[in-house]
Amino acid sequence: SDAGCYSPSFKKPSDVLRMRKKRARSETFGGKVSSPVVSVDGVRPFSPGPLLSAQCRAGGAGVKRRNPFANIENTYNENTYNSPKKRALSHTVCGIGAPDVKTTAAAGLDGKLLHERVNAGTSLREELLQQQHQPAASISGDESLFEEDLFEPVRSDPVLKNPDGGAVCDAGVSDPCLEFPADWSLKTRLLFTSPQLFSWAEQLKAQEEAQGLTAHCRAAYASLPANIQEPRGCAELRCGFQQCLQYWQHPSFSWLSLFPRIGAERKFSGKITPWAQDDNLQQSLMSDWSVSLTSLYSLLKARLCPYFYLCSHQFTVLFRAAGLNGAKSISALLTPTTRGLREAMKAEGIEFTLPLLEDKKKSRDASEVESSRQADGEDPAKSGEDVKSEHSENEVDDDDEDDDDGFSWLQEMGVQDKIKKPDAISIKLRKEHREVRLDHRPESVVLVEGSNTFTLLNFLFNCKSLVAGAGSQAGLPPTLLAPTAFRGASLHTLKARTVNVKTRIRTGYQDVCSLEVTGPIMPHTLHALTQLLKPAQKGEFSVGLYTHEPTAVLNVPICQTSEPDTLDDVVQDLGRCGLQQSTVQQLAAPTTLGRSALRQLHVRGHSYSWRS
């Protein structure tokens, strides 16, 4: 009757709506208006049941309010119907032996039984609590919304514990060990955190900076004690930290950061690029760049440089010396690639493999052979070479059948003239569809080994797609990164800063000290910094690693590996490459990361555990 008091677009107050609902319910239960809310023992139970019956309200019992969130879908818990404890708290207990009791949307207590209990002085809360250990009966309507599972703490990923107490093993999480695997991907940022201060890495003196630069150029590494009591007063530690931050790069421009190059068009836009419209300047840059690349390959071949990176606007190439990552000869990984680039490499006579596709193919063939053996009951001692040859012959037969008799079934049906056959170009595109799908994906990584790496070097000199022809990187040669000096290279220093913050924990706040290192971080830098921080931070710190994602696949294993007894010979041969002996040992071992990269590294009690 009072609906005309409101405009159709006016939102009625919640109190008015609640009173109207109460009035409508009271008319349903006998036409009586509910009395003011009176709680039993000063506590009103909260559950999504209906209002109590008129008899209960007449006896002075409390009025239960409906849960306004009972029908919201996103609060549904799949364990709602599996908790007898909460069902006993939220639903009727008077239905035992009284099957005529009616319930609405949510089950409630019978009014007469509740009235008797209130008159007898029994607390409603005590009665409900007594039912926790009894099974619920005559349950109907909506189940209780507030279950125990909703208030349980959120299950987070397992935290790596101290090795003394045991480490938590999970997918991508390692057990504690004395060394972590080599990560050949490029990092853009490292974040070290430790309960110990990093004040020793701040404000290096001019003499300490000069000694660090000299030690890097001379490849002279000082031995540090296992535990440093006063890191801030240790000159060897501060000089070693400065030494670890050095790397060599070509080309170099003070106003322009040349790493990363893939997806960096926005970073280059608006910068001064005088070579973009000057052909003579572009030729001069490319001439100097060719000299630097030739110098790097010569050092790599002589094992005076362990590895180097070539970073262009489309792909990244990692050249490694013989013996690293278990390879017997010089190897090169190129990622990501396209079908056009792979076809151009084939045209130049470069022999390469797709290691990820080969691994997938081998696993598929092995599963097919195993399933066929189980189905046919063949001898499991059948050689893998015979199976491989049979599989390749079947592939050739299938290809020939597709070429010659791919549409023979149309003739058998007599409709060969009514259906348009695809032309030769369509058939070729269909066959090449699988190769095109690899473009710009991790599976497109290319492995080149042995003398083919020299052919790849000549191919890169003449590759037109090596340098961008348009855009913000037009005319700019790729970036060369190396741990040792080479012709035309400039010495650069990674940026480092320390920050002390407080983090909230369960008992309050905890002081956390952090050290951030940014720039093109290569594998030897990560290992050298961890070796340096062990004595400085008393063997307790963690590292967050931020990977340049296009290079994460560079950890792909190489099938051709050296024998275990030749590892010492490899370390001896690379003794003059400018890296520490422990770093060379780590890089010489085959990596176990596969196509993933390190994301977190934890050091507890001088033992490593990591997450990839």
With the cut-off at 1.5 for a/c, could you classify the stretch 239-292 from its C-alpha gyration tensor as rounded, prolate or oblate?
oblate
Please say if the stretch 453-612 is rounded, prolate or oblate, where rounded means a/c under 1.5 for a ≥ b ≥ c the square roots of the C-alpha gyration tensor eigenvalues, and otherwise the choice is prolate for a/b larger than b/c and oblate otherwise?
oblate
Per residue value of the accessible surface for the stretch 259-352 (all protein chains in place, 1.4 Å probe), Å²
41 Å²
Tensor-based shape of the stretch 207-278 (alpha-carbon gyration tensor, a/c under 1.5 rounded, otherwise prolate or oblate):
prolate
Using r as the Cβ-Cβ distance of Lys360 and Asn280, and R0 as 41 Å, what FRET efficiency do you calculate, to the nearest 0.05?
0.30
Amide H of Gly539 versus every other amide H placed in the peptide plane: which residues, excluding those fewer than 5 positions away on the same chain, fall under 5 Å?
none
Report, by chain and number, residues whose modeled amide H sits under 5 Å from the one on Arg604, excluding near sequence neighbours (fewer than 5 apart, same chain).
Ser609
Let me know the volume per residue of the alpha-carbon convex hull for the stretch 571-612, in Å³.
96 Å³
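The values are calculated or read from the model by the stated rules, or taken from the named source; none is laboratory data. None of these values were measured; they are calculated from a predicted model. Reconstructed Cβ throughout: ideal geometry from the backbone, glycine too, with neighbour counts over all protein chains shown. Side chains are part of the model used for accessible areas, which takes the heavy atoms of the whole protein and leaves out ligands, DNA and RNA. Shrake-Rupley method; radii C 1.70, N 1.55, O 1.52, S 1.80 Å.
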